[in-house]
Amino acid sequence: MKIYLQFLILILFVTVSHGQYSEVRGGINEIIAKVPAGSDYSILIIDAETMDTVYTRAHRLPLIPASNTKVVTSAAALHLLGGDYLLATELRYSGRVDNSGTLNGSIYLRAQGNPFFTSKDLENFVSRVKQQGIKVIDGDVVGDDTYFDEQYERSQYVGAGEGDYETYPLSALVVDKNTFLSGKKFTSPPVAIAQRFKQLLVNAGIVVRGEAVSGETPGNSTLIKSVEIKLSDLLKTVNKRSDNFLAEYTMKLISAAVNGERGSTKNGIKLCMAFLNDCGAYLKGTTLADGSGLSRRNYIPTGVIVSIYQYIYSNIVFRSQFYSTLSISGVDGTLRGRMQDANGENNLHGKTGTLRGVITLSGYFKTKKGRDLIGAVFFNFSAGYPDFYRGVQDQIFEYLINSL
C-alpha cells in the first residue's frame, strides 16, 4: 500500500491538468505578481480527492518552514504512536512501609512522556503519599528523567548557533513546562524537580531522611499514582498554539516511545524522515534540525508538506485526529485572525509559521462548490513586512475557495 501511494504522489508532482485550472492559475499568478523581486516562494495546491495539481510554483524548492515543521513532528507522532497513546508521570516507591509509617526505601517521580504535569499535580502527589500512611521516608526523593537523554539545552540537542531561540530546559520529567527553571543556573532539571517535591513533602509534615537526587526507578517499585494524557491532547497544543517547547518534547518522545531508548532529538528526526519517505515525499534538499521550526537549518519544500496532508487525508484512522490539532481560520489558534470573510471563516484547518524573513501557511480547505483542497504557500523574504505576505497567502486561499 505504501509503495502504491508513493507512486501516486510522485506522479502527482510531475503531472498537471493544464486545461481545467488555467483560469485559476492565471488568477493566482496575478496575486503572486505583487511579491517583491528577490523573495523566494514555494507553492503547491492539490485536489485532496483526485490528487490533481491545481497550482504549483517551485514546489520542490526547500525553504525555511518555521513552525510548519510542527506539521512533520505532529503527523509523524500520530502516525507512529496513534492519538490514544498515553503519556504519564508516575509516583512510585521502593521498599516497604512498616507499621510505624516509615518507608524503608525511596520515593520516585518517573517521567513517561507527560509534558503537561503541573505544580498542582505535584501537590496532589504529596496527598497521595500521605494516603499511603507514609510519615517518614528513610531513602531519597528521586527524579527519574531516564525516558529522555540529558541534552537539556537547545544548543545541545539542536547544535551551536541556536542561542537566539532558547526554550525552557528540555527534560523528560517536567513541571509547568519547566518555566520555573527560566533564568536560573541548574545542572539537572530532575534534581531541581525532586528538590521541589521534597520541600512539599517536608512542608506537609513528612520527614525525609535522604536527599533530592536523580536516578532510575527500580523495576519492582510500587505505583502510587499516574497522571496521564493522550498524545492527541499534546498535539492539539503543539499545533494550535504553536508551542515550541512541546514540539521539541514531542520529537524526543517519538524516539523514546518507538525505539524503547532514551529519547533524543537526533533519533526522533531519523524517524520523522522515515515517515516522510512513507508519505511518498520527494525529499531532495529536505533537512530537519529540530521539532519546532525555530531552527533556521530546517529546509522543507511545500511538496513535502502537502505530501503529509495528503497521506493523512487518505488515512481514515488518523484524519479526524490530525484535523483536530490544526488551527481554524477565523476561529482559533494562530489562524484566529485570518480569513475572516464569509467563505474563509471556519474553513482552513492549517498551520502557520513565522520567523524573521519567513512566513508559511499550509492546510486543508473546502471550496464553495464543495471540493476538498490541500495547500501550502511558503515565503522566505528580505523585503516587505510579514503582514504583507500573510495577506498574499490569504488572498490565494480565498481566491481558490471562491473560484472552484
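The values are calculated or read from the model by the stated rules, or taken from the named source; none is laboratory data. Computed from a predicted structure; not experimentally measured. Counting neighbours? That spans all protein chains shown, and the Cβs are built from the backbone with ideal geometry, glycine included.
Under 25 Å from Pro190 (Cβ atoms) and crowded, with 18+ Cβ neighbours inside 10 Å, is that true of Ala204? The answer is no for Ala204. Hey, any hits in the range 215-230 for a residue that's touching a helix residue (DSSP H, G or I) at 6+ places or on another chain (Cβ under 6 Å), β-branched (Val, Ile, Thr) and crowded, with 23+ Cβ neighbours inside 10 Å? Looking for residues that are touching a helix residue (DSSP H, G or I) at 6+ places or on another chain (Cβ under 6 Å), β-branched (Val, Ile, Thr) and crowded, with 23+ Cβ neighbours inside 10 Å, one finds none in the range 215-230, hence no. Going by what's in this entry, would Asn124 be described as more than 29 Å from Ser232 (Cβ to Cβ) and more than 23 Å from the chain's Cα centre (by Cα)? When the stated conditions are applied, Asn124 does not pass them.
Consider Tyr165 carefully, then state whether it is touching a Pro at 6+ places or on another chain (Cβ under 7 Å) and either under 19 Å from Gly113 (Cα atoms) or not assigned by TED's automatic domain parsing to the domain that holds Phe322 (or both).
Values: touching a Pro at 6+ places or on another chain (Cβ under 7 Å): no; either under 19 Å from Gly113 (Cα atoms) or not assigned by TED's automatic domain parsing to the domain that holds Phe322 (or both): yes.
Answer is no for this residue.
Checking each residue in the range 19-62 for being farther than 15 Å from Phe378 by Cα and among the acidic types (Asp, Glu) picks out Glu23, Glu30, Asp47, Glu49, Asp52.
Within the range 290-343, being of a type in the set (A, V, I, L, M, F, W, C) and over 27 Å from Thr53 (Cβ atoms) holds for Leu294, Val331, Ala342.
Annotation: of all residues in the range 125-141 being out of contact with any Lys or Arg (no Cβ under 6 Å at 6 or more places or on another chain) and in a strand (DSSP E or B), the one that is nearest to Ile254 (Cα to Cα) is Ile137. Here Arg128 meets the list (1) buried (at least 16 other Cβ atoms within 10 Å of the Cβ); (2) charged (D, E, K, R); (3) in contact with a strand residue (DSSP E or B) (Cβ under 9 Å, 6 or more places away or on another chain) almost entirely, failing just condition (1).
Per-residue answers, yes or no, for (1) modelled with pLDDT of 95 or more; (2) charged (D, E, K, R); (3) surrounded by fewer than 21 Cβ atoms within 10 Å (Cβ to Cβ):
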residue	(1), (2), (3)
Asn244	yes, no, no
Gly260	yes, no, yes
Gly263	yes, no, no
Ile269	yes, no, no
Lys284	yes, yes, yes
Thr287	yes, no, yes
Tyr299	yes, no, yes
Phe318	no, no, yes
Ser327	yes, no, no
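Checked against (1) crowded, with 20+ Cβ neighbours inside 10 Å; (2) closer than 24 Å to Leu235 by Cβ, Thr354 passes all but a single condition, namely (1). Condition first: out of contact with any Phe, Trp or Tyr (no Cβ under 8 Å at 6 or more places or on another chain), surrounded by fewer than 20 Cβ atoms within 10 Å (Cβ to Cβ) and under 18 Å from Gln199 (Cα atoms). Can you find one or more residues in the range 81-89 that meet it? Among the residues of the range 81-89, not one is out of contact with any Phe, Trp or Tyr (no Cβ under 8 Å at 6 or more places or on another chain), surrounded by fewer than 20 Cβ atoms within 10 Å (Cβ to Cβ) and under 18 Å from Gln199 (Cα atoms), which makes the answer no. Among the residues making up the range 286-328, a single one is small (Gly, Ala, Ser) and free of Cβ contacts under 8 Å to residues at least 40 places away in the same chain: Ser320. Is it the case that Pro115 is under 30 Å from Ile308 (Cα atoms), out of contact with any strand residue (DSSP E or B) (no Cβ under 7 Å at 6 or more places or on another chain) and either small (Gly, Ala, Ser) or surrounded by fewer than 20 Cβ atoms within 10 Å (Cβ to Cβ) (or both)? No, not satisfied. Taken over the range 361-404, residues that are polar (S, T, N, Q) and either crowded, with 21+ Cβ neighbours inside 10 Å or closer than 16 Å to His59 by Cα (or both) amount to 3.
Per-residue answers, yes or no, for (1) polar (S, T, N, Q); (2) closer than 25 Å to Asp243 by Cβ:
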{"position": "Ile28", "(1), (2)": "no, no"}
{"position": "Pro36", "(1), (2)": "no, no"}
{"position": "Arg60", "(1), (2)": "no, no"}
{"position": "Ala66", "(1), (2)": "no, yes"}
{"position": "Thr73", "(1), (2)": "yes, yes"}
{"position": "Ala77", "(1), (2)": "no, yes"}
{"position": "Leu81", "(1), (2)": "no, yes"}
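Looking at Leu173, Leu200, Leu109, Leu122, just one residue is assigned to a loop (DSSP other than H, G, I, E, B) and aliphatic (A, V, I, L, M), and that residue is Leu173.
Considering Gln131, Gln199, Gln156, the condition of being without any contact (Cβ under 8 Å) to a residue 12 or more places away in the chain, closer than 20 Å to Leu246 by Cβ and over 18 Å from the mean Cα position of the chain (by Cα) is satisfied by Gln156 alone.
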